[in-house]
Every structure is written in structure tokens, then in C-alpha cells.
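Heads up: the structure comes next, in C-alpha cells.
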Amino acid sequence: MFTSQDVGQRVSVRRRVEGGLTDVLGHLLDVTDDRLDVLVRGEVLILATADVTAAKVVPPATPRRGWEVPTVSPDDLQRICWAGWPARESELLGDWAMRAHDGITGRANSAMAVGDPGLPLPDALRAVESWYAGRGLPPLLQLPLADPANLAMADDGWERLHVTVVQVAPIAPVLAGIQGRDDLRVVVEPVPSADWRSLMHDLDTGDPQAHLAILTGPARVGFATLYRGDQPVGIGRVSVEGEWAGITSVDVSPEARRQGIGSAVMAALLDWARQQGASSTYLQVRAANAAALRLYDALGYVTHHPYGYRAPAAS
């Protein structure tokens, strides 16, 4: 059976169900004495260990046959993701990157704890706490679930918070699989327009300009707005870093949902990114966001790795 050292790995689990046995293939998100939490194609399954007859770690997922993306480690893909979501302030601690941006979004206000911090881990954790305290922010770590440092961090009292999934796919075949929409007009701009901002459901209302500074921070970034007539019905953002394009902020107006607008937004973003020289794409989505994960699974994205956040336990 799995242990906490296997969390974050891709696994195969055979379990008993009514009428026989079935296999589950996905990423292990958590393990306890009586249950396994496994992310399977956009759904987190809770498996009772009493029903499990066999379980093993298996190789990472690969895109569909004939689809290829560059080989990249979870640590390096985390760094690519950072380039697409830059914070106003950052400081290196060895290989780690401490980031701060007025508390707006976890990605921009957490220490990307991948690689060697150049200090013993307990000292590195204290340095993170001190750095964020000096900025009036709560200390927060971000790292892949499979990173062995998670175990030592847990022993030091840093509890795991929510989990995010990084997914990848090659651009060309994803685009080829999305049907064109003659009823929609696409506008891609270097900054978010008023129409674009009107559909961003999680724009920080306390300091929207600081939030927009994150969105516009990369050197190459595009903001797509899809219109039906004169009405904006969908938006998305894409940043390009070398051969990788990062998709974020995909939103559809409530009255236009379940009409394929999300796929059309993805097509607009990926087409723009391809024109900028990108050949592969990544995105980050909460493991709890089943609807988004189902959309990306249907488009051909596969999970590269899940990552989590850690914070000191409340005293």
C-alpha cells in the first residue's frame, strides 16, 4: 500500500466494486490508514483502502499518441509558471524564490520551494517566515506534491493547503481538435480592456491595479475577448516564455456557459501563442475545479504534476 512518500505520484489502483474489480489510474493526492484520494481525469476519487486489492506507482502520463511536449522536470515547469505570473517583489534563497505582491494570489505571494535553498531546511523555513513577516504577509510555500521536502516540512509544522494541478499539451493538435466558431468575434490585446475586466470573476476588488500588474507583467502576453455581436461572452489570458505558453484567467459570462465558449477562448489564446513562436502549453487549475479539469481533459491536456501550498500550523 502507498505511504506519504508516494503522494504526488501517478498511481494505478485496483479495487473491489459491486460485481467485481476495477482499475483507477491517476495522481495520488493524499493517503491515510483508511482512504486514498486519487485525481482521475478531473475528479477526485475517495477510495477506501479496505477495497484496494493492488496498488503501484506508474510512469508519468504522456499526451495522446503522436502528441509531444518537451521533457521538463516539475521543478523547471514551476519556474516556467513563475515567469508567466510575476510578482512585484522576489528574492532568491538558494534555488528557492520568495515572492510578494501585496497578498494578491497565492502564486505571487509564496516561496517557490523547489531545489536547494542553500540552508538546512529548518533554517530555510525560518528565513521564509522572517521574509514574509517583514512584509506583513503570512508565510506560504509552494512545491510539487512529490517533492520529498514535503515530509520534512510537515514534520516542522507546515500544513498542506489546497492542491493545484499543472497540465500540459502540444498546441497544434489541441487547436486542430477545436471546431471554429463563425458566430464569435475574437479580439486579442496586449492589455486587458474594460470588457475583458468585466468578465474576470476573481479580479481583486481591493486593489485591481495591483492585480492587473501581475497579469500584464510578462514580456509577451495576450488578452483575448470573445464577442457575440457587441456583447463580450468569454475571456482568457496567455503568456509566452520560449516554447511554452501559459493559459490563465479563462472565464465565460454566466448567460453563455455550456455553449462551447470556453473551448473557443482556448482556441483564440493558443492560436495567438503559436503566432508568438510557442509550441507547447501549460495551465494550472485547482484540483477541486472539476468542470475546468473536464474541459482541459477533453481538449487533450494531461497532468504533468500536482503541487500544493504549505503554511505554518495555527498556534
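Could you tell me how many of the residues in segment 251-292 are open to solvent by 40 Å² or more (accessible area, probe 1.4 Å) and touching a strand residue (DSSP E or B) at 6+ places or on another chain (Cβ under 6 Å)? Selection size over segment 251-292: 3. In this entry, residue 195 is excluded by the filter for residues that are open to solvent by 40 Å² or more (accessible area, probe 1.4 Å), more than 18 Å from residue 108 (Cβ to Cβ) and assigned to a loop (DSSP other than H, G, I, E, B).
Selection of segment 79-108 for residues being in contact with a Leu (Cβ under 7 Å, 6 or more places away or on another chain) and touching a residue at least 60 places away in the same chain (Cβ under 8 Å) yields only 106. Exactly one residue among 146, 111 is in contact (Cβ under 8 Å) with a residue 40 or more places away in the chain and under 26 Å from residue 27 (Cβ atoms), and that residue is 146. List pairs: first residue in segment 268-287 and under 10 Å from residue 245 (Cα atoms) and without any contact (Cβ under 8 Å) to a residue 24 or more places away in the chain, second residue open to solvent by less than 60 Å² (accessible area, probe 1.4 Å) and outside any strand (DSSP E or B) anywhere in the structure, Cβ distance under 8 angstrom, at least six positions apart or on different chains. Hits for this filter: zero, empty list.
Residue 76 passes every criterion in (1) in contact (Cβ under 8 Å) with a residue 12 or more places away in the chain; (2) farther than 19 Å from residue 214 by Cβ apart from (1). Please verify whether segment 201-216 includes one or more residues that are touching a strand residue (DSSP E or B) at 6+ places or on another chain (Cβ under 7 Å) and modelled with pLDDT under 95. There is at least one residue in segment 201-216 that is touching a strand residue (DSSP E or B) at 6+ places or on another chain (Cβ under 7 Å) and modelled with pLDDT under 95.
Among the residues of segment 293-315, those that are open to solvent by 50 Å² or more (accessible area, probe 1.4 Å) and closer than 23 Å to residue 160 by Cβ comprise 314, 315.
Against the condition in contact with a Phe, Trp or Tyr (Cβ under 9 Å, 6 or more places away or on another chain) and over 13 Å from residue 267 (Cα atoms), how does residue 216 come out, does it pass? It is true that residue 216 is in contact with a Phe, Trp or Tyr (Cβ under 9 Å, 6 or more places away or on another chain) and over 13 Å from residue 267 (Cα atoms). What's the total number of residues in segment 116-132 that are over 10 Å from residue 98 (Cα atoms) and open to solvent by less than 10 Å² (accessible area, probe 1.4 Å)? Adding up the residues that qualify gives 2.
The values are calculated or read from the model by the stated rules, or taken from the named source; none is laboratory data. What you see is a predicted model; the values in this text were computed from it and never measured. Virtual Cβ from ideal backbone geometry, glycine too; neighbours counted across all protein chains shown. For the accessible areas, the whole protein counts, side chains as well, though only heavy atoms, and no ligand, DNA or RNA atoms are used. Shrake-Rupley method; radii C 1.70, N 1.55, O 1.52, S 1.80 Å.
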